[in-house]
Amino acid sequence: MISQYGWFNGELSVHQAKSSVQRANGENEVTAESEHFHIRQSPTSALSLITTPEYFLSGLGTLVKLQKTELKEMSIPVRAYVRVMAAHDHFKHWIAIPLVILELESNG
């Protein structure tokens with residue numbers, strides 16, 4: 001399958017993932033950690049975003065680092081034009097490269 005391009009509406013937030021193994025002594029050891037942006041459209045539909053620090057020159061990229069310390073919750077309504085790759089992450093989210101992200105007015 002080739003990459004697909006299109007608009008995707010949803011909530012931009014930071015996603016944290018950890019992979020661990022259970023040792024013989026019963027303790028869990030974290031083998032990998034990841035923090036990245038994703039756009040969730042529904043409980044079963046989300047995109048994991050591949051970004052670079054330069055993509056968020058406005059400072060938005062700092063929110064990934066703050067997720068572990070100061071940031072309690074972040075959810076920004078957006079409309080994004082993305083390139084969706086022919087790949088899924090381990091959570092069955094499509095992998096996408098954001099080309100344009102527009103912040104939308106919240107309905108709340």
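The values are calculated or read from the model by the stated rules, or taken from the named source; none is laboratory data. Please read these numbers as outputs of a predicted model, since none were measured by experiment. Note that we place each Cβ from the backbone using ideal geometry, even for glycine, and neighbour counts take in every protein chain shown. Remember, those area values only see protein heavy atoms, side chains included, never the ligands or the DNA or RNA. Shrake-Rupley method; radii C 1.70, N 1.55, O 1.52, S 1.80 Å.
Some observations on this one:
- Enumerated strands (runs of 3 or more DSSP E) restricted to the chain, each holding at least 2 residues that are modelled with pLDDT under 75 and either touching an Asp or Glu at 6+ places or on another chain (Cβ under 6 Å) or among the β-branched types (Val, Ile, Thr) (or both): 4-22
- Whenever a residue of region 22-45 is closer than 30 Å to VAL78 by Cα, its partners that are of a type in the set (A, V, I, L, M, F, W, C) and open to solvent by 80 Å² or more (accessible area, probe 1.4 Å), lying with C-beta atoms within less than 8 angstrom and at least six residues away or across chains, give the pairs HIS36/ILE50.
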